[in-house]
Structures are given as C-alpha cells and as structure tokens.
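Contents: one structure, followed by commentary.
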C-alpha cells in the first residue's frame with residue numbers, strides 16, 4: 001500500500017470539508033465509545049486484566065526469537081508450513097508462489113492488515129489470481145476501485161448507507177436498495193459463490209499460540225471461518241509480534257479484544273486453527289501456510305518503541321481519539337490510522353515520510369487510558385517528535401522558535417523583559433477588543449477561532465508592583 | 001507550612017488575575033505563600049515538541065527554584081503533571097537530579113487538589129452568581145485524577161454545576177497542536193463549545209488556561225459574546 | 001541468508017542473545033508453557049444450575065434462542081417443533097456423531113455428513129459450552145464437521161448441561177484432558193453471524209447462520 005501520510009494536512013482539510021464524512025464520523029463515534037464503556041464494566045477488574053494482558057505481550061517480546069522458534073516447531077509438527085518474509089514484497093512473492101504451486105485462480109480473503117501493508121491484492125491480480133475481499137467492509141472498498149480503509153476494524157466507517165447503496169447497484173447490476181439487511185443479504189449471496197469456488201483462503205491472524213501452533217482468528221461475520229474451512233489452501237499472514245504463549249493467555253486477551261474493539265463481550269466467532277485437514281475429515285484445508293512477516297517489526301524489538309509491538313489491533317485508540325473523530329482514518333494516509341497509526345506509520349514507512357503524524361495529536365491520553373495492553377501512545381508520539389528533531393526533520397522556523405523560547409525562559413530577567421513587551425504587543429493588536437481575529441505570529445490558531453486578548457501586563461509585573 | 005505558587009507561563013502572560021485568584025485561595029487556606037521571582041516556564045512545550053535538551057535545562061531550573069518549599073501549587077493540571085510525573089523521566093540519565101525531581105514531585109499539587117486534599121479548604125472566599133459547566137482538562141483528569149476536587153469546591157462556593165456531554169473529552173488545544181493543526185484543533189473545540197453551550201450555563205469553567213483560551217477563542221469566533229470562560233480560581237474568588 | 005535466518009539474526013542481535021542467556025530464557029519459556037497461568041477473570045457462580053442460567057442469559061443476549069429438554073432422546077422432537085414453528089423444512093444436515101438419535105421417528109429427514117451450500121438447517125452438538133459469554137465450543141473432526149455450523153442459515157446446537165463450563169480456561173483444560181492435542185479447528189460460536197459494517201447497524205446473518213438455536217439437554 002502506497003503511503004499518502006506525507007499529505008496529512010491536505011487529507012485532513014479534505015475530510016473537514018466533506019459533510020457526508022463528518023456526519024458519518026459523528027454517528028460512529030458514539031456507538032463505539034458508549035458500547036465499550038458498558039462492556040468493560042462486565043469485567044470485575046478491568047485494570048488488572050489490562051495489566052495481565054500487557055505482561056503476556058511483554059513476556060513474548062522480551063524473547064521473541066525463542067517464542068517464534070517455538071511456534072514454528074509446534075506448528076510444523078502439526079503439518080503446517082512456516083515461511084518468513086522480510087517485507088511486503090516478499091509476502092507478495094510467497095503468496096503468489098503458493099498460489100501457482102496449487103493451481104489457484106481465485107483467493108478469498110478474510111481481513112488482513114498486513115496484506116494491506118504489502119499491497120497483496122495488486123500482486124495477486126498481476127499474477128492472474130483473483131483476490132476477493134470477504135469482510136463486508138473490505139469488500140465494499142474493493143469494489144469501489146480499491147479504496148483505502150479508514151479504520152482497522154470497521155474499514156468503511158466513513159461511508160454512508162447511500163454511498164453503499166449506489167455502489168452495490170452499480171457493481172452487482174441489481175435494483176438500488178437502501179435497506180441495510182437487504183444489502184447485507186446481497187453481499188452474502190455474491191460472496192457465498194466466491195467462498196465455494198476459491199481454491200485458496202488468505203487470512204490474517206489475531207494471535208499465534210506457541211503452545212499449540214495455532215492461529216486465532218476473531219470475526220463477527222463468519223468470513224474468517226469460510227476462508228479457512230472451504231478452500232484447499234489456507235495462507236495465514238501475520239506479523240512476527242503476534243505470538244502469545246498459551247491458550248490461557250488467549251482467554252485473557254479475548255476478554256479485552258472484543259470489548260475494546262466493538263464493545264462486545266465476545267466476538268461471534270473465535271476460531272483456533274491448527275494444522276491441516278485430518279484423515280476422514282470432510283472439510284478443512286489440505287495445506288496450511290504461515291507467513292511470518294517482519295516489515296519493520298524486528299527493528300522495534302529492544303528499542304524505545306518496543307511497547308508498540310504489544311498492539312492487538314482493537315481500534316480503541318482511534319475510536320476515542322479527538323483528532324480521529326474529527327478527520328476520520330483515510331486522512332492518516334496509510335493502513336493504520338489514529339494514535340496507533342501515527343506511531344506505526346513513521347516507524348514502518350520512514351520518519352521522513354510521515355512528518356505530521358506524530359504531531360497530529362493533542363496528547364490528551366484518552367488513547368493511553370483505553371488501550372487494552374497499556375501502550376503509552378502519547379509518550380511514543382512524543383519520542384517520535386524527539387527523533388524528528390534529532391534527525392533535523394523539523395522546519396527551520398519551528399526549531400528556532402522552540403530554541404528561542406527555551407533560551408529566554410532560562411534567563412529570568414530577559415524573560416521578564418521579553419514577556420513584558422510581548423503582552424503589550426498582543427494587547428495593542430487587540431486594540432481594546434476582547435479578542436484578536438488574526439494573529440500573524442501563529443496564523444494556525446486564528447484559522448478557526450479568535451485569540452483571546454491578554455490583560456496587558458504580566459503577572460510578575462503586577463505582583464512586584466503589589467509587593468512594594 | 002511554606003507554600004510556593006508556580007504561576008505558569010500562560011497565566012503570567014495572558015491572565016494575571018488567575019494567578020492572583022490562586023494566591024487569594026492559598027492565603028485563605030492559611031498558607032504562607034511565596035511566588036519565587038525567577039520562575040518562568042516548566043519546559044513542557046519543549047518536552048512535548050521533542051526538544052529534550054531544553055526540557056532538561058528548564059526542569060533543573062524549576063527544581064532548584066522550588067525544592068525548598070513544603071508544597072508547590074500549580075493552577076494547571078497539565079503543568080503540575082509535567083513537574084510531578086515527567087521530570088523524573090526527563091532527568092532519567094542523571095540519577096542525582098532525578099532523585100531531586102522525585103522528591104519535589106511528591107510536594108507538587110494541582111490547585112484544586114491541594115485545596116481539597118491537603119488544606120481541606122471549607123470556607124471558599126468567593127461567591128459566583130450563575131450556573132457553570134466544568135471542562136475536565138485531559139492531563140489533570142487522566143494523570144492526576146482531577147475530577148471531584150473542582151466540583152467539590154464549586155459546591156462549597158454555592159455554584160451549581162450543569163454537566164455537559166463529553167466533559168472529559170479533549171477540547172482540541174494540545175499545546176503546539178493548536179497552532180500546527182489549527183483547523184482540526186478548532187473543529188474539536190467546536191464540539192466542546194456546542195456541548196458546553198447546550199447546558200445553558202452562564203460560564204464554562206476549567207482548571208487549565210490553555211484549554212480555556214482555546215474554548216474562549218472558538219466561542220467568540222462562533223459569535224457567542226456572552227458565555228463567560230473562567231478559570232476555577234476566578235470563580236472561587238469571585239465577588240459578584 | 002534466508003529470510004528466516006535474517007529475521008531471527010536481527011532479533012537475536014537486538015535482544016543481546018547469547019548461548020548463555022538462551023538456555024535460561026528457553027527454560028523460562030518452557031516454564032511459562034507448563035504453568036498455563038490463568039489471568040484475572042470475572043467471578044462466576046459455578047453451581048450447575050447457575051452455569052446453565054448464565055449460559056441461557058448470555059446466549060439470549062447474543063440473539064440466540066434457547067430451549068430445554070430433559071433428555072437426549074427428547075431432542076429430535078424439540079428440533080422438529082423448532083423447525084415447524086419457524087417455518088423451516090423438516091430436513092437437516094446433522095453431525096455424524098448425532099446420527100444415531102431417532103430423527104426419523106419425529107418425521108425429520110436428516111443426512112449425517114458435512115454441510116453443502118444448499119443445506120438450510122445444520123444440527124450439531126458441542127464439545128462444551130461456556131457460561132461466561134454464552135459461547136459454544138465446537139471441535140472439528142470426521143464425526144463433527146465444521147461446515148454444519150457454518151453453511152446453513154439455521155444452526156441448532158445440542159448442549160448437554162453436564163458440558164457447561166464456567167469460562168474459556170475450563171474449556172481448554174477439558175480439551176487437553178479429553179482430546180490431548182487441539183483438533184484442526186476449534187470454533188467458539190457466540191450467537192448468529194453478524195456485521196455492523198454499514199453505518200454500524202447490526203445485521204444478523206452476514207456469512208454464517210442468521211439463527212442459532214441452543215437446545216439444552218438437562219439430563220445429559
């Protein structure tokens with residue numbers, strides 16, 4: 001997937017100017033936030049559960065090399081093949097090779113964020129294999145000329161019913177309908193044919209379980225089950241950070257993932273897939289491949305950004321983010337939006353390719369308090385800002401302004417003098433009015449609001465005068 | 001009890017009356033209040049912008065100025081938290097300074113937290129006529145647990161609080177964010193203002209001047225000239 | 001160097017892996033696997049009737065329906081009643097594991113096999129059921145094909161009351177005790193298939209069944 005993260009400001013401006021998107025964002029926000037708040041109350045001790053989940057993820061990351069070897073050993077013993085990919089390009093090459101080896105003409109896909117990262121659909125098409133997205137949201141995006149998703153678990157959260165209705169009528173050549181159940185039914189029928197005829201199923205993986213060599217897939221629609229039950233070949237594409245030790249750990253994480261994501265106590269389907277079709281079984285794939293993908297993850301291990309690898313892709317951080325709620329996910333420009341995306345995009349695609357993202361946050365820490373694995377997202381964003389400065393990636397004016405402010409603030413008498421003049425200048429600008437409508441030194445502020453006028457003298461002046 | 005007031009740079013520049021209101025409250029609470037004269041900025045803007053070197057220098061400056069007091073009170077949750085919780089991390093490479101930061105951090109309080117939990121101020125000096133709605137600023141709320149304290153004080157001052165929807169949601173200020181992403185920031189502020197105004201309160205009250213300037217700026221741009229935007233210290237010392 | 005070696009080599013370098021610390025870390029890894037530590041979880045009343053009560057309550061909350069019968073022998077008649085009430089045909093595909101019940105005696109035409117697209121009703125048992133969340137645990141196998149709970153629009157599951165466990169942890173313990181290794185597919189099913197993708201409006205019957213009916217067998 002090509003990143004558009006370097007165009008964040010333009011993307012965001014377009015989002016703000018799009019009334020349909022704005023209305024859709026308002027509807028979605030309440031549903032996610034309110035449902036989660038209710039669902040976490042079902043846990044007697046949400047905080048202790050979060051702490052336990054954090055420990056589970058950390059335990060693996062601290063010895064990730066060994067846990068991956070363990071997973072590989074157990075999975076292979078059950079008849080799976082484990083492949084490794086350094087980057088998206090290698091993911092595409094491996095999947096195409098597997099497809100060719102098994103004479104695959106059509107591949108049905110359950111949601112995989114990594115395949116978005118890798119641009120797998122384009123690679124499959126180029127190799128003559130037709131990829132069909134089967135998550136309803138992903139399917140809608142695919143038939144809309146491969147539109148990028150705007151949310152990691154609700155990819156078309158930005159779209160209205162009307163837009164979907166138009167798209168279905170156009171693509172399926174059926175009468176236009178605006179009834180959501182009828183549209184869902186139509187997608188079910190179209191996609192059922194694909195499930196039955198595809199030779200290969202491609203899925204992501206929510207977790208890899210070292211104890212059993214299994215992949216855990218969490219879905220509501222049941223497409224994950226279809227993709228891993230009907231085709232002859234199943235390919236799992238996951239990041240190397242997804243390993244967890246035991247089934248008990250899965251139980252703990254499953255108390256958090258659906259609640260944090262959609263506010264459900266549990267998702268409709270949690271599937272644990274281990275090895276290939278057994279003797280005498282009428283269903284299940286004959287070939288199971290795991291592709292364990294690095295794509296920048298190994299570089300975070302042992303770094304100040306390692307905490308980010310705990311992420312279980314629930315989307316709670318974006319659902320609760322005031323910036324995401326205002327501009328939606330597509331503005332972020334890559335597969336991962338919101339706070340987690342603003343950390344991952346620069347780390348995986350290059351600091352210099354996503355300069356705005358680490359700054360596009362108010363550091364309100366709403367993401368930090370809802371994260372089910374306690375990732376200190378604001379802190380990671382702040383460290384990315386530090387990295388940008390270290391690498392001379394910030395504009396000259398900004399660097400100078402920061403330095404000048406700090407330099408003056410370190411010198412109290414100079415500071416007193418400078419602020420004395422500064423506030424008088426601002427008061428003069430206000431010209432006796434309560435606010436300043438256009439501020440030359442910080443035009444960003446007055447783009448959408450006034451700048452309240454200062455009183456005219458600094459506290460320290462007045463305090464000194466009063467003390468005398 | 002020797003109490004130092006850290007005024008914060010925003011109050012120093014923009015709203016000195018908030019600083020004096022804080023002084024009045026601390027005095028009413030029976031403290032011997034000092035305002036160290038060389039104080040400037042806690043360094044939060046530098047730290048949040050990734051300028052570690054400046055953040056370290058400003059942290060050391062503030063520690064040296066304030067570590068001689070029994071308590072340091074800050075009329076801003078955001079600045080109080082920066083000193084209390086970020087300084088030890090900022091000075092992580094210098095154990096001696098870090099220890100001083102931790103020691104100081106234990107004695108740093110946000111204003112309303114100090115009034116309710118340390119000095120247990122019952123007789124609030126001010127009287128404010130009119131109902132208010134309270135905006136919970138992010139850092140104070142989520143890092144310092146400032147939620148019940150301002151409401152308790154408002155109640156003691158006889159002020160009725162009308163709770164707005166999304167009181168705990170960010171107003172969109174975010175320090176340099178408000179300037180770098182003015183449009184997004186203002187759009188977030190618009191939601192906050194709409195929620196606040198829907199309560200019918202005469203004033204929007206909060207504990208952090210950054211948020212208040214953001215909210216006030218948005219209200220005025222929206223054409224609302226009547227809803228007051230006040231720091232809680234102003235309300236608690238109001239003479240109306 | 002293969003990608004496998006490349007990735008592992010980089011991880012080892014980043015983690016300061018050495019022969020010496022690998023041995024200790026491997027021992028800790030095996031200890032973690034052996035310990036199977038259980039995390040914090042909500043308290044659940046584990047009396048038999050309470051478990052059944054919670055399973056029913058949670059299943060209904062997931063939009064499943066629930067019926068109870070006293071014994072396994074009464075199950076076919078209850079299934080026939082359910083099908084008739086809902087205007088469904090008196091024919092179904094059933095797990096081979098349940099073929100021996102007297103389906104014909106209540107006028108049901110059943111076929112014991114994996115399901116195909118045309119099947120409208122699928123009847124399964126379950127490995128166990130989980131009270132905490134109202135969840136069925138289905139294990140795949142020659143006599144318990146996964147397609148039966150997946151392809152038909154209506155899924156009916158026979159749930160022996162003795163097989164209701166408090167939570168996922170007990171379900172896994174039971175699987176280890178009775179099955180040893182996990183079967184190819186363990187499917188946890190909690191209510192009908194659903195989607196909220198269009199305007200976050202929940203619709204039942206996305207790709208899997210739109211109806212899930214639990215038949216609780218009290219004496220089994």
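No value in this document is a laboratory result; all are computed from the given coordinates. Just so we're clear, the structure is a prediction, and the values are computed from it rather than from any experiment. In this analysis, Cβ positions are derived from the backbone assuming ideal geometry, glycine residues included, and neighbour counts consider all displayed protein chains.
As a length-normalised measure over Cα pairs under 8 Å and 6 or more apart, the relative contact order of the stretch A:5-298 settles at 27 percent. Annotation for the stretch B:1-41 versus the stretch B:148-180: alpha-carbon center distance of 21 Å.
Pairwise Cα separations in chain A fall into 10 Å bins from 0 onward with the following percentages, short to long: 4, 18, 27, 24, 13, 7, 5, 2, 0, 0. Axis of helix C:168-179 versus longest Cα principal axis of chain C: the two differ by about 90°, to the nearest ten degrees.
Of all the C-alpha pairs in the protein assembly as shown, what % are more than 44 Å from each other?
Counting every Cα pair in the protein assembly as shown, those more than 44 Å apart make up 37 percent.
Would you give the gap between the C-alpha center of the stretch A:369-433 and the C-alpha center of the stretch A:44-100, rounded to a whole Å? Value for the Cα centre distance between the two parts: 41 Å.
Across the stretch B:2-118, the convex hull enclosing all Cα atoms gives 88 Å³ per residue. For the pair the stretch A:175-244 and the stretch C:94-159, the centres of their Cα atoms are 21 angstrom apart. Note: the stretch B:81-240, Cα convex hull, 110 Å³ per residue. Over the stretch C:119-220, the fraction of Cα-Cα pairs per 5 Å bin, rounded to whole percents and listed from the shortest bin up, is 3, 13, 22, 23, 20, 12, 6, 2, 1.
Relative to the longest principal axis of chain A, what angle (0 to 90°, nearest 10) does the C-alpha long axis of helix A:180-197 take? The angle comes out at about 50 degrees. DSSP beta bridges confined to the protein assembly as shown are antiparallel in about 25 percent of cases. Shown here are the Rg and Dmax of the Cα trace of the stretch A:404-467, at 13.3, 40 Å.
Let me confirm one metric for peptide B:185-197, namely the mean number of other chain beta-carbon atoms within 10 Å of its residues' beta-carbons.
Averaged over the peptide's residues, the number is 4.
The C-alpha atoms of the stretch A:270-343 occupy a region whose extents along the principal axes are 53, 31, 19 Å, arranged from largest to smallest. Each peptide among A:113-124, A:47-58, A:27-38 gets the average number of other Cβ atoms lying within 10 Å of its residues, and from highest to lowest they stand as A:113-124, A:47-58, A:27-38.
Taking label positions 7 Å along the Cα-Cβ direction at both residue A:171 and residue C:81, the computed distance is 4.4 nm, reported to one decimal. Only Cα sites of chain C enter the Debye sum here, all with the same form factor; the resulting log10 I(q)/I(0) across q = 0.08, 0.14, 0.17 1/Å is -0.38, -0.88, -1.16, listed in q order. Taking all Cα pairs closer than 8 Å and separated by 6 or more residues, the relative contact order of chain C comes to 23 percent.
Dividing the summed helix terms, -39500 (n - 2.57) for each DSSP H run of n ≥ 4, by the number of residues in the protein assembly as shown produces a 222 nm estimate of -13500 deg cm²/dmol to the nearest 500. Peptide A:250-261 is shielded by partner chain Cβ atoms: per residue, an average of 3 of them sit within 10 Å of its Cβ.
With neighbours defined as other Cβ atoms within 10 Å of a residue's Cβ, the residues B:227, C:154, A:228 order from fewest to most as B:227, C:154, A:228. The mean number of Cβ atoms from other chains found within 10 Å of a Cβ in peptide C:24-33 is 4, as a whole number. Here the contact order of chain B, divided by its residue count and restricted to Cα pairs under 8 Å and six or more residues apart, works out to 21 percent.
Placing pseudo-labels 7 Å out from each Cα toward the beta carbon at residue B:70 and residue A:392 gives an inter-label distance of 5.3 nm.
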